[in-house]
Amino acid sequence: MSQEPSPDSSAEGQDPDAPVKPSEPTNPDEEQEDPEEPQPPAYDPISYEVPVSVTVNNGGTLQEADVTAKLIDQGICVGEAANSTEGTIALPALTFDAPGTYSYKLELTAKDRPGLSLAKPSLTLDVTVKDEDGALQVVSLSCDGSPVSAVRIDCEWNEPAGTWSLDSQGWHYTTYDGTRVANATRVIDGRAYRFNAQGTMVTGWFLDGAVWRYYGGQGAAHDGAMRKHGWLWDGAWYWLDDNGAMATGWHTVDGAHYYMDGSGHMLSSGWKWLGGSWYYLHGSGAAATGWLLNGSWYYLDPASAAMRTGWQKIDNAWYCLDGSGAMRANGWMRLGNTWYYLYASGAMASGWQWVGGAWYYLGGPDDGAMKTGWFQDGDYWYYCDGSGAMAHNEWIGSWWVNGSGAWDPSLPASGKTGWQNPSNYYQVSSYGVRFPGAGHGYYVTVPTIRADATREQCISAFLARARNYLGTPYRWNYSDAPGVGVDCIGLVYQCAYATGMDLGEFNPYNHWITGPHGWHSHDANNFWSYGKIQKIAFESRAPGDLIFWPGHVAIYIGNDQVIEAVPGRVRQASIRASGANYLGVGRLYV
C-alpha cells in the first residue's frame with residue numbers, strides 16, 4: 001500500500017483536486033500582541049471671548065448692570081457678567097483644544113427697573129472652531145442660528161408716565177422718578193417736546209443748533225409737540241421734514257417741486273430766478289414741469305423744473321426755445337446762416353416739405369437745416385437754389401433735373417434708355433431741351449416721358465401736348481405756352497419738346513428773331529426741306545406724323561384728323577381743311 005503524503009510534503013505529484021487543509025486556528029488562551037490605536041493630533045489650546053453688547057430701544061438710557069448674562073455649557077454655568085455703562089458684557093474667555101462646533105445658552109436677567117424689559121430671556125450661541133494649517137481658529141459665531149460678529153442683547157424701554165404741570169411760566173414735565181426735564185427734547189406718548197433751560201415747554205419756532213423746528217401753541221392740552229413731515233401755515237407756508245427741521249431751498253413733496261427761501265417761506269405764483277435758472281411756480285407753489293403756456297409756450301425740465309432754452313429734443317421732435325424760453329413756431333426761422341422750418345406746433349420740420357408752392361429739403365430728423373445747391377437723398381441727386389426751392393424740369397449747368405427734381409446718375413448722357421430714333425434723326429430724351437435765347441423765344445415745354453419710354457409712349461406724349469394747345473391764339477412767329485400763342489411750326493416745336501427732342505436750329509428763339517421782317521428761315525417750308533424727318537407716302541400716315549402743305553404744317557392724330565395752328569386759334573380739323581395740295585408726310589418718331 002502506498003504511503004499517504006504528509007501535509008508539508010512537496011506539491012509535486014499532488015492531486016490538484018485534493019482539498020487544501022486549513023491552517024490551525026489561533027488558541028484564544030494564548031497571549032496576543034495588541035495593535036496600536038490611532039492617536040488624534042494634539043493642538044495648542046486657544047482662548048476666545050464672546051463679544052456681547054446691550055442696546056436699549058425706544059429712547060431709554062442704559063445703566064450699569066441693567067442686564068446680567070450667564071453662559072451655560074451643557075447645563076453648567078461657565079461664566080457670568082453684567083453690562084458696563086458703555087453697553088458691553090465681558091464674559092470669561094472660553095478655551096478650545098479641538099476643532100468642532102460648540103453650543104451654549106446665554107441666559108439673561110434684567111434689573112428690576114421700571115420701564116426696562118428684555119426682548120428675549122435667552123439666546124443660543126454656536127462657536128465653530130477649525131484646524132487652520134495645524135492651528136485652531138474660531139471661524140464663526142452665530143446667535144439663534146444667524147451668523148453674527150457680536151452678540152446683541154436688545155432691551156425695550158417703556159418709560160413709566162411722568163406728569164405735566166402748568167405754572168405762570170408755562171408747561172413742565174416731570175419724569176416718573178421726579179426729575180424735571182430741562183434743556184432737552186423729550187418724546188412723550190410718541191410725540192417730541194422741547195423744554196428750555198428752565199424746564200418750560202417751548203412753543204412756536206425754536207432754533208435747535210443750526211436747524212429751525214416748530215412746536216405747537218401753548219394751551220391747556222400742552223400742545224407743544226414738534227411738527228414734522230408736513231406743511232405748516234404760520235403767516236406763510238413752511239415745509240417740515242421727517243425730523244421736524246424747517247426746509248429751505250428745493251424740496252420734492254408728493255412728486256412736485258417746491259422752493260423755500262432762506263427764511264423757510266414757500267415761494268409761489270410766477271417766474272422765479274433761482275440759482276442761475278428760471279422756474280415757473282404755480283399758485284400752489286408747485287414748480288411747473290413739461291410744457292407751459294404762459295403767453296408763449298415754454299418747456300420746463302421734467303426732472304429739475306428749470307426752464308430750457310435753445311434746441312431741445314422732446315418726445316422725438318426738435319423744438320427751438322429762444323433766449324427767453326419762448327418756443328418758436330409756425331414758419332421759417334433763421335439761426336446764423338441756416339434756415340429752418342417750424343410747424344404750428346413748434347416741431348422742427350425735416351425731409352421734403354412743400355411750402356409756398358415749392359419743395360424744400362430740410363435734412364434728416366435730427367438735422368432740419370434747409371439745403372441749397374447739389375445734395376444726395378437716397379439714390380438721387382437734387383438741386384435747390386439759393387432760396388432753398390428745389391429745381392425741376394430744368395438744366396442746372398450741364399445737368400438736367402426731371403419733374404421730380406431728381407438727377408439720376410445712372411442714366412446715360414442722352415437721358416434715354418430702351419427705344420431711340422436712329423442716329424440720323426432727332427433723338428428723344430427724358431431731359432429737357434436747352435438753347436440760348438431771351439424774351440418770347442425762350443419758352444420750352446418740359447419732357448413728360450420716362451427715360452425708358454417706348455416709341456408709342458413718345459408719340460402719345462407728343463399728341464397729348466398738342467391737345468394742350470387747343471384753343472390757344474394763333475400768333476405769327478410765336479412758339480410760346482398754351483394760352484399765349486403759337487403758329488403752325490411753333491406748335492410742332494413745343495410738342496416735340498414734350499419728348500425731349502432737340503430740333504437743333506429749328507427752335508422758338510430762332511423762329512422769333514428772324515421774323516417778321518427778316519428771312520423766315522425757320523418755318524414749315526424749311527423744316528420740310530431741311531429737318532431730320534423721315535418722309536413717307538401719304539397713304540402710310542399714322543398718328544404722330546406731320547402733314548405738310550406749302551407754308552403750313554399740321555399734326556396728324558388719326559382718322560384723317562389733325563391739330564393745327566391756323567389764323568385765329570389752334571384747332572382740331574379734317575386733314576382736308578387746309579386743302580389737298582400736300583407737300584408730303586414727315587415722321588419724327590421713326
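Data for the structure
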item	result
Relative contact order for the chain, counting Cα pairs under 8 Å that sit 6 or more residues apart, in percent	5 percent
Projected label distance in nm at Thr163 and Asp261, using a 7 Å step from Cα toward the beta-carbon	4.8 nm
Scattering profile of the stretch 305-408 at q = 0.15, 0.16, 0.21 Å⁻¹ [log10 I(q)/I(0), Debye over alpha-carbon scatterers]	-0.64, -0.71, -1.04
Square roots of 5 times each gyration tensor eigenvalue, C-alpha, the stretch 538-579, largest first, Å	16, 11, 8
Partner lysines for Lys532 [C-alpha distance under 27 Å; skip if fewer than 8 residues away on the same chain]	Lys416
Built amide H within the under 5 Å cut-off of Arg475, gap 5+	Val486, Asp487
Computed label-point distance, nm, for sites Val566 and Asn330 using a 7 Å Cα→Cβ extension	5.8 nm
Other-chain or far-sequence residues with amide H under 5 Å of Trp205's (modelled H)	Tyr215
Gain in span if fully extended, Lys313 to Ser529, counting 0.36 nm per residue against the direct Cα distance	70.9 nm
Nearest 10 degrees, 0 to 90: helix 488-497 Cα axis against the chain principal axis	20 degrees
Unit charges at the beta carbon, dipole of the chain: most positive-side option, Gly357, Leu281, Trp381	Gly357
Spatially proximal lysines relative to Lys120 (Cα-Cα < 24 Å; intrachain offsets below 8 disregarded)	Lys70, Lys105, Lys111
Separation in nanometres of the label points that stand 7 Å from Cα toward Cβ, at Leu293 and Ala464	4.8 nm
Dimensions (Å) - the stretch 211-293, Cα atoms, principal axes, largest first	51, 22, 21
Amide proton proximity set for Asn83, modelled H, under 5 Å, gap of 5+	Ala65, Asp66, Val67
Computed [θ] at 222 nm, deg cm²/dmol, the chain (DSSP H ≥ 4; -39,500 (n - 2.57); rounded to nearest 500)	-2000 deg cm²/dmol
Nearest-0.05 FRET efficiency for Asp366 and Lys228, computed from C-beta distance (R0 41 Å)	0.25
For Met307, Met348, order by how many other beta-carbon atoms lie within 10 Å, fewest first	Met307, Met348
Trp352/Glu456 FRET efficiency (R0 35 Å; Cβ-Cβ; nearest 0.05)	0.60
Förster radius 35 Å - calculated FRET efficiency between Asp133 and Ser53 (Cβ-Cβ, nearest 0.05)	0.65
Longest exposed-site-free window of the chain, the sites being GluC sites (Glu not before Pro) in a DSSP loop that have at most 12 other C-beta atoms within 10 Å	87-590
Gap separating the Cα centres of the stretch 62-96 and the stretch 426-501, nearest whole Å	115 Å
Amide N of the stretch 58-100 lying under 12 Å from the label point, which is placed 7 angstrom from the Cα of Ile46 along Cα→Cβ	95-100
Taking the convex hull of Cα positions in the chain, its mean projected area over all directions (nm²)	78.8 nm²
Share, in percent, of DSSP beta bridges within the chain that are antiparallel, nearest 5	95 percent
Helix 455-468 vs. the chain, principal-axis angle (Cα, 0 to 90°, nearest 10)	70 degrees
Label point at Ala150 placed 7 Å out along Cα→Cβ; residues across the stretch 79-98 whose backbone nitrogen lies under 15 Å	83-91
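Read-outs throughout are calculated quantities, based only on the coordinates presented, and are distinct from any laboratory measurement. All values derive from a computational prediction rather than experimental measurement. Neighbour counts run over all protein chains shown; Cβ positions are idealised from the backbone, glycine included.
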